[in-house]
Amino acid sequence: MILTALAKGSTHGYGIITDVEKISDGRVRLRPGTLYTALDRLCADELIGVDREEIVDGRLRRYYRLTPAGAKRLSTEAARLQAHATTALTRLNLAGGIAT
Amino acid sequence: MTDQANLERAYRRLLVCYPRAFRQEKEEEILTVLMACSLEGQRRPSLAASMDLITSGLWMRVQPCVPRSVGAVRAAVRLMYVGAAVTTLSLILAIFSLAYRGRSAATLRLAGRSQSLLVAITVGVVGGLVVISLWLWMARENGRGRNWARILSTVLVGLATLHLFGNKGLVEVVFAMLTWLIGLAAVWLLWRPTSSAFFKPRSVTHVGYNA
């Protein structure tokens with residue numbers, strides 16, 4: 001979800017939290033500690049990187065962006081989920097048109 | 001002092017749970033996010049936010065900082081954490097078992113036997129805690145690419161092999177075999193040709209902050 005949030009462009013920590021909440025229809029609200037543990041791991045795996053820093057109202061904002069490896073990972077994962085969803089919907093249709 | 005200043009000070013105190021290197025780089029940035037997430041008039045962190053920062057900070061201190069590219073070492077470090085968990089479980093079971101026996105002894109008014117069981121429990125707990133600490137220490141140091149830790153891990157597995165023959169009960173034997181196999185697998189992974197480059201001395205710092 002963090003990678004999805006960053007797919008629209010570089011974003012800062014709070015922006016990622018609000019975007020993930022929006023993407024998940026309010027079901028996922030990342031806490032800052034959890035977010036930064038995940039960001040740290042994603043940076044270590046070179047899936048994301050720091051884009052730039054800004055000082056807003058005296059506070060530091062660091063913007064993160066997807067790296068090419070991160071974009072590739074997200075694309076692969078999205079294709080996998082899409083294939084899974086397509087299979088599920090097709091089977092439901094075949095089973096009696098539950099999905100419309 | 002204003003509510004904001006109080007809250008910020010409380011958050012800074014919680015951020016001490018994180019490794020120093022991480023705080024130097026990210027403290028101000030996380031504070032920005034924490035303050036942005038806070039409610040109007042909030043004076044202290046919520047319990048959930050506090051727990052999140054404490055657990056995340058402590059995890060960051062112990063998490064293996066092995067790059068994904070060194071899969072064998074990552075797997076070995078994970079196995080060591082599994083070893084620590086299995087040892088913890090066996091320690092808990094041993095304590096319950098000894099305590100049950102101790103209660104039976106007390107019922108039978110065998111004061112001397114009860115005393116010796118108390119000593120056995122104490123020794124067992126201390127010994128178990130030492131073994132758990134060794135698992136965690138080895139996981140941490142191998143995760144940092146310390147070659148001495150790789151050698152020490154191998155020696156410890158060798159010592160555990162000797163310990164295998166000293167167990168009597170079935171449960172003891174099962175747990176001893178299980179932890180020994182975990183250790184053996186971890187050591188095997190640490191000595192894979194793909195792992196060796198990770199343990200060579202180098203000037204570049206590993207990823208992660210717990211070094």
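The values are calculated or read from the model by the stated rules, or taken from the named source; none is laboratory data. Note that the structure is predicted; figures quoted are calculated from it, not measured. Positions of Cβ are generated from backbone atoms using ideal geometry, with glycine treated the same way; all protein chains shown enter the neighbour counts.
Which helices (runs of 4 or more DSSP H) does segment A:1-87 wholly contain that include 3 or more residues that are within 14 Å of chain B (Cβ to nearest Cβ)?
Ranges flagged: A:13-23, A:32-44.
Among A:Arg59, A:Arg52, A:Arg91, A:Arg73, which is the only one that is at pLDDT 90 or above and farther than 21 Å from B:Met60 by Cβ?
The conditions single out A:Arg73.
Of all residues in segment B:1-11 being charged (D, E, K, R) and more than 14 Å from chain A (Cβ to nearest Cβ), which is nearest to A:His12 (Cα to Cα)?
By that ranking, first place goes to B:Arg9.
Rundown of residues vs (1) closer than 30 Å to B:Gly143 by Cα; (2) hydroxyl-bearing (Ser, Thr, Tyr); (3) surrounded by 16 or more Cβ atoms within 10 Å (Cβ to Cβ); (4) in contact with a helix residue (DSSP H, G or I) (Cβ under 9 Å, 6 or more places away or on another chain), yes/no style:
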{"position": "A:Gly15", "(1), (2), (3), (4)": "no, no, yes, yes"}
{"position": "A:Val20", "(1), (2), (3), (4)": "no, no, yes, yes"}
{"position": "A:Val28", "(1), (2), (3), (4)": "no, no, no, yes"}
{"position": "A:Tyr36", "(1), (2), (3), (4)": "yes, yes, yes, yes"}
{"position": "A:Ala44", "(1), (2), (3), (4)": "yes, no, yes, no"}
{"position": "A:Leu47", "(1), (2), (3), (4)": "yes, no, yes, yes"}
{"position": "A:Glu53", "(1), (2), (3), (4)": "no, no, no, yes"}
{"position": "A:Leu60", "(1), (2), (3), (4)": "no, no, yes, yes"}
{"position": "A:Tyr63", "(1), (2), (3), (4)": "yes, yes, yes, yes"}
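Mind listing whichever residues of segment B:12-49 are more than 9 Å from chain A (Cβ to nearest Cβ) and of a type in the set (Ser, Thr, Tyr)?
Listed by number, the residues that qualify are B:Ser38, B:Ser46.
Only one of B:Ala211, B:Ala160, B:Ala186, B:Ala197 is at pLDDT below 90, among the small types (Gly, Ala, Ser), assigned to a helix (DSSP H, G or I) and surrounded by 13 or more Cβ atoms within 10 Å (Cβ to Cβ); which?
B:Ala160
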